[in-house]
1. In the set V54, V106, V75, V41, which member is part of a strand (DSSP E or B) and farther than 19 Å from S154 by Cα?
2. Out of curiosity, is V54 modelled with pLDDT of 85 or more, among the β-branched types (V, I, T) and either closer than 17 Å to S145 by Cβ or under 15 Å from the mean Cα position of the chain (by Cα) (or both)?
3. Go through segment 9-34 and give me each residue that's over 18 Å from A108 (Cβ atoms) and either crowded, with 19+ Cβ neighbours inside 10 Å or modelled with pLDDT of 75 or more (or both).
4. Would you be able to say whether some residue in segment 87-96 is of a type in the set (V, I, T) and at pLDDT below 75?
5. Picking from L101, L133, L85, which residue would you name as being of a type in the set (A, V, I, L, M), surrounded by 22 or more Cβ atoms within 10 Å (Cβ to Cβ) and closer than 19 Å to S47 by Cα?
6. Name the pairs whose Cβ atoms lie under 8 Å apart, with the first residue in segment 33-56 and farther than 18 Å from V112 by Cα, the second among the acidic types (D, E) and modelled with pLDDT of 85 or more, and 6 or more positions between them or separate chains?
7. Restrict the check to segment 139-150 and report whether at least one residue is under 15 Å from the mean Cα position of the chain (by Cα) and at pLDDT 95 or above.
8. Restrict the check to segment 62-74 and report whether at least one residue is crowded, with 20+ Cβ neighbours inside 10 Å, β-branched (V, I, T) and either farther than 21 Å from I124 by Cβ or modelled with pLDDT of 85 or more (or both).
Amino acid sequence: MNLFRSALVLACIFSAAAAPASAQAQRVRAGELICDAAPRVGLVLGSRQDLRCVFRSDLTGRRYVYAGAIRRIGVDFGITRGGQLSWTVFAPAMQVGRNSLRGTYVGASGNVALGVGLGAKLLIGGFRHTITLQPLSIAGQIGLSAALGVTDLSLH
């Protein structure tokens, strides 16, 4: 229980610290990032999950493919067979090019799956920390798991 509380406090502190940074810059919706996630095994204090992602630009309709990995530090119990994660992408301008989303994103996350799962990950990063990924949903994640902590997403 202490570990759970520690992860929750850490996630809240990080969210509070990240909020002023995201409010400083005016951001517009640039598109949507949808990632297919590999199966995940929670290792009590963390996990890693490989991703294949596609960004679709709202401005041009173009699609850009990224490979990535998501790592969580915090409470993470259980097994999921994978699923799909989706985020609305906010950037300083609507025009987002081929490599604009490359980089590392950090934020707070939480999810639960009892059969079909749901969760959320608010992440900030990318080029000069100017991109914000706001969660739409996690759909189709099947398994039995619970996770809460700080998340690191890398896209390349």
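1. Just a single option satisfies the conditions, and that option is V75.
2. yes
3. Once the filter is applied, which keeps residues that are over 18 Å from A108 (Cβ atoms) and either crowded, with 19+ Cβ neighbours inside 10 Å or modelled with pLDDT of 75 or more (or both), segment 9-34 yields Q26, R27, V28, R29, A30, G31, E32, I34.
4. Taking every residue of segment 87-96 in turn, none turns out to be of a type in the set (V, I, T) and at pLDDT below 75.
5. The conditions single out L85.
6. Close Cβ pairs satisfying both conditions: L51/D36; R52/D36; C53/D36; F55/E32; R56/E32.
7. no
8. Yes; the residues of segment 62-74 include at least one that is crowded, with 20+ Cβ neighbours inside 10 Å, β-branched (V, I, T) and either farther than 21 Å from I124 by Cβ or modelled with pLDDT of 85 or more (or both).
The values are calculated or read from the model by the stated rules, or taken from the named source; none is laboratory data. The structure presented is a predicted model; accordingly, all values stated were derived computationally and were not measured. We place every Cβ from the backbone using ideal geometry, glycine too, and count neighbours over all the protein chains shown.
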